[in-house]
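Since the structure comes first, as structure tokens, the remarks are kept for the end.
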Amino acid sequence: MHDKFQIKPGKDLTKLEVDLINKARSLEFNSKSLINPKPDNEDWEKKYFLLKDQNDKTLAFAMLLEIEVEFKRVRHSILGLSNLIAINKGKGYGKILIFKMKKYIKKSGLTCIGFCNKKITGFYKKCGFGVIVDGCSKTLYKDIKGNFQSDRFGGGDLIYIKGGDGLVRQILDNPKENLIIFRPHW
Ligand SMILES: CC(C)(COP(=O)(O)OP(=O)(O)OC[C@H]1O[C@@H](n2cnc3c(N)ncnc32)[C@H](O)[C@@H]1OP(=O)(O)O)[C@@H](O)C(=O)NCCC(=O)NCCS
């Protein structure tokens, strides 16, 4: 059986893993930026979740990054979910990986938030995530100059797992308020 699950910070990724992740991101998201774990960038500590088969072949991967956000002037430390990719689709690998990640997220007690293309929202719903429709555009990136920037994906839904901080309840109860983030949408 497949089902070899690994969690590692970027600094522990092998070159083979980094290359595979970069190739898949380029293919799936047309991503121009490269994962390049170095002590002075966020890839170094970012947590990578890898599902592999018995021959160490990566079947699916995703990332979680601890991120500061602000809602109604209150800061929250949350987990940002990003870059979920199943190398071979429709074989259950995405779901297996996400269920393992959910265990990690629940154990952390933190709220988890990701942004997703509407074509993928159904997948996350099936995996037990909550959805804020068009939540991507209600999340604003405040850059270091204090300027607000809207999402670079051109819209999408916000998916979440509730944490102990009540952030999701706050967002749902205050639909006119924006969620402020301090790095570009992930
Ligand atoms: C999204 C993705 C990770 C799903 O992984 P996958 O391994 O193909 O999906 P699974 O085989 O585990 O599917 C699990 C369930 O979700 C359903 N599902 C899969 N993709 C779906 C979609 N786009 N919409 C609705 N349901 C979907 C499957 O039918 C399956 O249902 P079942 O449990 O009732 O049989 C994969 O399609 C992918 O890599 N997409 C490209 C990258 C991407 O867009 N990532 C998301 C970034 S937000």
- Task: Please give the helix 15-29 orientation as an angle from the longest Cα principal axis of the chain, in degrees from 0 to 90, rounded to the nearest 10.
- Result: 50 degrees
- Query: Is it possible to state the helix-based mean residue ellipticity at 222 nm for the chain, with each DSSP H run of 4+ residues giving -39500 (n - 2.57), the sum divided by total residues, to the nearest 500 deg cm²/dmol? What is it?
  - Reply: -7000 deg cm²/dmol
- For the range 73-144, treating each Cα as an identical point scatterer without solvent, what Debye log10 I(q)/I(0) comes out at q = 0.26 1/Å? -1.44
- Taking a quarter of the surface of the Cα convex hull of the chain, what do you get in nm²? 10.7 nm²
- Ser137's amide H: which non-local residues (gap 5+, or another chain) put their own amide H closer than 5 Å, with H modeled 1.01 Å from N in plane and none for Pro or chain starts? Gly156
- Take the alpha-carbon centre of the range 161-186, take the same for the range 84-101, and report the distance between them in whole Å. 25 Å
- Which trypsin sites (Lys or Arg not before Pro) from the range 1-82 combine a DSSP loop assignment with at most 14 other Cβ atoms within 10 Å? Lys32, Lys57, Lys72, Arg73
- Item | Charged-residue dipole, Cβ positions (Lys, Arg, Asp, Glu), the chain about Cα centre, Debye nearest 20 | 460 debye
- Once you have the Cα-Cα distance between Val133 and Lys72, take 0.36 nm times their residue separation minus that, and quote the gain in nm to one decimal. 20.0 nm
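Each value in this text was obtained by applying a stated rule to the coordinates, not by laboratory testing. Keep in mind the model is a prediction, meaning the values are calculated, not measured. No Cβ is skipped: glycine too gets one built from the backbone with ideal geometry, and neighbour counts run over all protein chains shown.
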